[in-house]
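**Student:** Below is one structure. I have some questions about it.
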Amino acid sequence: MNIVIMGPPGAGKGTQAVRLAERFGLLHLSPGDLLRQAVKDGTELGRKAKDYMDSGRLVPDDVIIALIGERLREARGGRGVLLDGFPRTLPQAEALNRMLAESGQKLDVVVNLVLPEETAVRRLTGRRVCRRCGANYHVVYNPPAVEGVCDLCGGPLYQRSDDTEETARARLEVYRKETEPLVAYYAARGLLRDVDGTGGVDEVFGRLAETVGLSA
Ligand code: AP5
């Protein structure tokens, strides 16, 4: 089964995608995570992507399509993929169709997490991430047991450079202009399922699992 999880920055895509992928044996592919790793490793991709990410703009389509295309080819033969944060533009959506078709596959469902913009801003500005294992926390909604320390691996928590209020709002604006048109694109193809992204993490997970037809 191949699933896209979309929604504005802060909608909870990453939080839910990790859980869904683990529970149902899907490969979780997140260009945001791959790009942050590339920045951390100081690779050429990381150097290309950093300025875009820090200002909340999208990294050019050709870079992202090549990155995801490579991972999709490696994933052939598995139980399916869960794409989190891809596609974000119409050219990316068309490229995904082509890349899946190359291996005789198709997209099964697109889940659109819906929530008010101010809730997204609160989630983004309070997010903390483990520098070592990448686990996600929130200073109010999901705090670690010890401030600044990851519950899972003991690594230090940090705030993403694009999680300031100014950049969070810029990312939401980019989402509205460049990614939201995909809602109509996928609705027209009968693939779109809106899911209420408000409420607690478990509550949203239950709705998502039911929507994609996997029992939680
Ligand atoms: P990316 O990392 O994908 O960022 P994003 O889409 O802006 O999404 P976020 O990671 O900010 O939010 P999320 O929806 O995953 O929420 P999360 O679960 O973390 O992309 C970063 C950048 O990379 C882009 O700006 C762009 O430059 C580049 N990029 C990436 N993909 C690209 C593409 N396809 N094309 C071009 N460029 C691309 O949750 C947020 C917070 O809320 C956390 O603290 C979490 O603990 C908390 N939370 C989650 N769920 C709940 C809940 N139910 N209740 C309370 N708190 C919750």
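The values are calculated or read from the model by the stated rules, or taken from the named source; none is laboratory data. Quick caveat: nothing in here was measured; it's all calculated off a predicted structure. Note that we place each Cβ from the backbone using ideal geometry, even for glycine, and neighbour counts take in every protein chain shown. Ligands, DNA and RNA are excluded from the accessible area calculation, which covers all protein heavy atoms including side chains. Shrake-Rupley method; radii C 1.70, N 1.55, O 1.52, S 1.80 Å.
**Student:** What is the magnitude of the charge dipole of region 120-165 about its Cα centre, with +1 placed on the Cβ of each Lys and Arg, -1 on the Cβ of each Asp and Glu, and no other charges, expressed in debye to the nearest 20?
**Tutor:** 80 debye
**Student:** Using unit Cβ charges (K, R positive; D, E negative) and no other charged atoms, how large, in debye to the nearest 20, is the dipole of the chain about its Cα centre?
**Tutor:** Roughly 340 debye for the chain.
**Student:** Right, here's the next one. What is the percent carbon and sulfur in the accessible area of region 148-204, measuring with a 1.4 Å probe over the protein chains and ignoring ligands?
**Tutor:** 51 percent
**Student:** Stretch Glu22-Ser161 to full length: gain in nm at 0.36 nm per residue minus the Cα-Cα span?
**Tutor:** 47.3 nm
**Student:** Using r as the Cβ-Cβ distance of Thr119 and Lys177, and R0 as 25 Å, what FRET efficiency do you calculate, to the nearest 0.05?
**Tutor:** 0.80
**Student:** Of Gly46, Val204, Pro8, which is farthest towards the positive pole of the chain's charge dipole, taken about the Cα centre with +1 and -1 on the beta-carbons of Lys, Arg and Asp, Glu respectively?
**Tutor:** Looking along the dipole axis, the top candidate is Gly46.
**Student:** Calculated FRET efficiency, Asp194 and Asp41, Cβ-Cβ r, R0 35 Å, to nearest 0.05? Write out the running numbers ahead of the final one.
**Tutor:** Details: r = 37 Å, r/R0 = 1.05.
My answer for the efficiency is 0.45.
**Student:** Follow-up. Ordering Arg127, Arg193, Arg73 by how much accessible area each has at a 1.4 Å probe, largest first, what is the list?
**Tutor:** Details: Arg127 40, Arg193 95, Arg73 130 Å².
Of Arg127, Arg193, Arg73, the descending order of accessible area is Arg73, Arg193, Arg127.
**Student:** Which cross-chain or sequence-distant (5 or more) residues have an amide H under 5 Å from the amide H of Gly12, H modelled 1.01 Å from N in plane?
**Tutor:** Here the answer is none, since no amide H 5 or more places off falls under 5 Å of that of Gly12.
**Student:** Any idea what the dipole of region 91-173 comes to, in debye rounded to 20, about its Cα centre with Lys/Arg Cβ at +1 and Asp/Glu Cβ at -1? Walk me through the numbers before you get to the answer.
**Tutor:** Values: 11 positive and 12 negative charges, 50 e Å.
With Lys and Arg at +1 and Asp and Glu at -1, about 240 debye.
**Student:** Still on this model: Which value, in Å² and to the nearest 10, is the accessible area of Leu26 when all protein chains are kept and the probe is 1.4 Å?
**Tutor:** The accessible area of Leu26 comes to roughly 20 Å².
**Student:** Relative contact order for the chain using alpha-carbon pairs under 8 Å, separation at least 6, rounded to a whole percent?
**Tutor:** 28 percent
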